[in-house]
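Values quoted throughout were computed directly from the atomic coordinates according to the rules given, and no laboratory measurement underlies them. Every value quoted in this text rests on a predicted model; they were computed, and no experiment measured them. Don't worry about glycine lacking a Cβ; one is built from the backbone with ideal geometry, like all the others, and counts go over all protein chains shown.
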Amino acid sequence: MFKKILIANRGEIAVRVIRACRELGITSVAVYSDVDRASLHVRKADEAYYIGPAAASESYLNIAEILDVARRSGAEAIHPGYGFLSENAKFAQACVDSGIKFIGPTAAAMEMMGSKTRARQRMEQAGVPFVPGTSRALESFDEAEQVAARIGYPVMLKAAAGGGGKGMRLVGSPDDLESALEAARSEAQRSFGDSEVYLEKYIVNPRHIEMQILGDEQGNCVWLGERECSIQRRHQKVLEESPSPLVDPDMRRRMGEIAVRVARAADYTNAGTVEFLSDQEKNFYFLEMNTRLQVEHPVTELITGLDLVHLQIRIASGEKLPFTQEQVQIRGHAMECRIYAEDPDNHYFPSPGKITLLLAPSGPGIRHDSGIYEGWTVPIDYDPLLAKLIGYGTDRKQTIGRLLRALNEYFVGGIKTNLSLFRRILNDPDFQAGNLDTGYLDRLLALSAGTASAPAGGSEIAAVAAGLFAVLEPIAPSSHGTSSHGGGDRNGTSSWKRTARAEGLRSG
Amino acid sequence: MTYEVTIDGKSHRLELERADGLWQCRLDGRQIRLDAVLTRRDVLSVLIDGKAYEVKRERTPTDMHLWVGAERFAVELRDPRSLRSRKGSAADERGAKKLVAPMPGRVVRVLAPAQTEVEAGQGVMVVEAMKMQNELKSPKKGVVQKVLAAEGAAVNAGDVLAIVE
């Protein structure tokens, strides 16, 4: 087992890995940029070293500097977390070349999965299902007709050189195919100077479901259950859960076996995730493989009782998987809310700044993986993920109830967060019924945000409380804007005014 | 004390008075007797006829919200006796309007330099934070009088970035 591990990351995931190191008796080494000196991961680690300016390209993506810190500190292995260098094959190779163990797959496996065409070739050979259609341009209308008849309507025509929806046509029946093909071709020609068009089965209301796998360096590989990640905004996952409301034991086993087949075809080791697109009839198709620990890994940990980061470290140190596929048991239901620093009233735009108040939830079935603390200033330079609120329960209904309860306890003051979004989702009847697809969240947000069921009286309490706050805890005018901006005289005025108000209170 | 309170755009008149360790309120003329304790900074516990409410105050440099249970309300508070707020509200109605940074970030582009005519809602500058770009729009139709933050400048929430008149 390793004695010392460097964590080449920041935020909640760095804290997560540092905690695993502490639990395993391993010394943890943090790295930090100019704006992260006071960050939580630096406070929690056993050792911490400066690696450069705020810009990630000069710090958390700086391979030479990170390897230099690893050498200087005597770290034997590097955990990359997610994002930053986690899926960078050059970095994985550079670690090997420096005699440092990279906690993740090999550079070769990463490169294979990173190349869409090579991955597709290898996976098709291994019998992994892809969305049915032609992988090359259609030769003629006859060919289009035959392929469409074989895979079944509706089908989607797509420009080979395409993007941004140009040259795309949805075809619902054979009667519309000819005119749609002509239209798609001429649009593709106009938009891309290339009229080549291919054809794919159109998945109505697709779901994004992924399978966690874990492989050791002795050739053993297991699957650990799926995660439903259909709740997305701008292709960013917002809420994930396991098990998926769609997946039954038979589908889970089939998906798990295919995921293991994908991993084996790539000689994959350590933790990884195989992403699938699924239709509502439980047909699923390979999308891609994520060659890292995922943000949403805690939901799998809660329903399997396994610690994925412990296992990653054990596998990287050369240990065999300590259990077989038959021993993996799925129990209960888990759901994760990604708490972002973003403003729900301003198109969910990022909202960094100082956290003036933090009330963290706790209690039965609640896990809070956080990278923040009260008094900390969220920097403007990185991803807006603050923390993950994960609920666990006997079943889906109990888990939703626990999360809603925890959301009422949870409070972040000073910056805007998306906490209110989760109340909306978890209270929504469609969500509660498990009717999910990747378009779900856009549809929910398009409805007016009016929480019509809001009990009357809340606004009256707010009105009275606003006055009570003003009397009991007046806000100094200088607290508007950051301290560096309020002039000395403004501060003077406010404390004078505060005193005067307090005096007025006492006499009144 | 008397306040003008605006909750989600609706205006109320609130009078507060201490009464035997409790509070006697008059909200738009209606009498409410309540017990209130500030349990910690920005967290108020309110009891009305045995019903318990926890109210949390969310402050940012540009605005204030109150949470009552799971409900969030946009709140503005004016003390009619205060000279500061009277002056402030008068200036808001007419004349120059400020373009304020809603969050800390970096100015990546100035779209409307000084002396440019702008429509209400037209982009004046672009501020980047956490790898996302946000176009800040003119609060009114008029002419950009001053641009107070140059391209590349770091800005804080609440900073005035430009003035449109």
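Count neighbours as other Cβ atoms within 10 Å of each site's Cβ, and list the trypsin sites (Lys or Arg not before Pro) in the stretch A:22-130 that are DSSP loop with at most 12 such neighbours.
Qualifying residues, ordered by number: A:R37.
Can you compute the helix-only [θ] at 222 nm over chain A? Use -39500 (n - 2.57) per DSSP H run of at least 4 residues, normalise by all residues, nearest 500 deg cm²/dmol.
Only helices count here, giving -11000 deg cm²/dmol.
Sort A:R292, A:R136, A:R253, B:R78 so that the residue with the fewest other Cβ atoms within 10 Å of its own Cβ comes first and the one with the most comes last.
Sorted ascending by nearby Cβ count, the order is A:R136, A:R253, B:R78, A:R292.
Relative contact order for chain A: what is it in percent, counting Cα pairs under 8 Å that are at least 6 residues apart?
12 percent
Check cross-link reach from A:K90 to the lysines: straight Cα distance under 18 Å, and skip same-chain residues fewer than eight apart.
Partners found: A:K101, A:K116.
Please give the Cα centre distance for the stretch A:283-303 versus the stretch B:37-82, rounded to the nearest Å.
That distance is 40 Å.
List the relative contact order of the stretch A:4-103 as a percent without decimals, with contacts defined as Cα pairs under 8 Å and 6+ residues apart.
About 29 percent, as a whole number.
Roughly how large, in nm² to one decimal, is the mean projection of the convex hull of the alpha-carbon atoms in the stretch A:186-227?
6.3 nm²
Using the count of nearby Cβ atoms within 10 Å as a rough guide to exposure, how do A:S73, A:S33, A:S278 rank from fewest to most?
A:S73, A:S33, A:S278
Taking other Cβ within 10 Å of each residue's Cβ, how do B:K97, B:K10, A:K416 sort, fewest first?
With the fewest neighbours first, B:K97, B:K10, A:K416 line up as B:K10, B:K97, A:K416.
Which residues does a label at A:E124 reach in the stretch A:263-280, if reach means a backbone N under 14 Å from a point 7 Å past the Cα toward the Cβ?
Residues passing the 14 Å test: none.
Report the antiparallel proportion of the DSSP beta bridges in chain A as a percent, rounded to a multiple of 5.
80 percent
Based on the alpha carbons, how large is the Rg to Rh ratio for the stretch A:337-448 when Rh follows Kirkwood?
Taking Rh as the inverse mean 1/r over Cα pairs, Rg/Rh reads 0.97.
Using only helices, what value at 222 nm comes out for chain B when you add -39,500 (n - 2.57) per DSSP H run of length 4 or more and divide by the total residues, to the nearest 500 deg cm²/dmol?
About -2000 deg cm²/dmol.
Give the angle, between 0 and 90 degrees and rounded to the nearest 10, that separates the Cα long axis of helix A:458-472 from the longest principal axis of the Cα atoms of chain A.
Once rounded, one gets 40 degrees.
Largest first and to the nearest Å, give the Cα extent of chain A along each principal axis.
Per principal axis, max minus min of the Cα coordinates gives 92, 57, 49 Å.
Please report the net charge: other residues with Cβ closer than 13 Å to the Cβ of A:A94, K and R +1, D and E -1.
Every neighbour counted, the sum reads 0.
Report the net charge of residues surrounding B:A162, where surrounding means a beta-carbon distance below 9 angstrom and charges are Lys +1, Arg +1, Asp -1, Glu -1.
Residues near B:A162 contribute +2 overall.
Thinking of the stretch A:159-257 as a set of Cα atoms, what percent of all their pairs are more than 22 Å apart?
I get 55 percent for the Cα pairs in the stretch A:159-257 exceeding 22 Å.
Rounded, prolate or oblate for the stretch B:95-164? Axes are the square roots of the Cα gyration tensor eigenvalues, ordered a ≥ b ≥ c, and the cut-off for rounded is a/c under 1.5.
Prolate, since a/c reaches 1.5 and a/b exceeds b/c.
How large is the Rg to Rh ratio of the stretch A:139-194 when both quantities use alpha carbon positions and Rh follows Kirkwood?
My calculation puts Rg/Rh at 0.96.
Please enumerate, by chain and number, the aspartates and glutamates with C-alpha under 15 Å from the C-alpha of B:K97, excluding those fewer than 8 residues away in the same chain.
Correct list for B:K97: B:E117, B:E119, B:D159, B:E165.
Return the tail of the calculated pair distribution for the stretch A:4-103, meaning the percent of Cα-Cα pairs more than 18 Å apart.
37 percent
Express in whole angstrom the spacing between the alpha-carbon centres of the stretch A:85-123 and the stretch B:121-163.
After rounding, the separation between the Cα centres reads 42 Å.
Give me the net charge for the shell around B:A153: Cβ to Cβ below 13 angstrom, other residues only, Lys and Arg +1, Asp and Glu -1.
Here the charged neighbours net out to -1.
Per the Kirkwood treatment, what hydrodynamic radius in Å, one decimal, follows for the stretch B:2-78 from the mean inverse distance over all distinct Cα pairs?
13.3 Å
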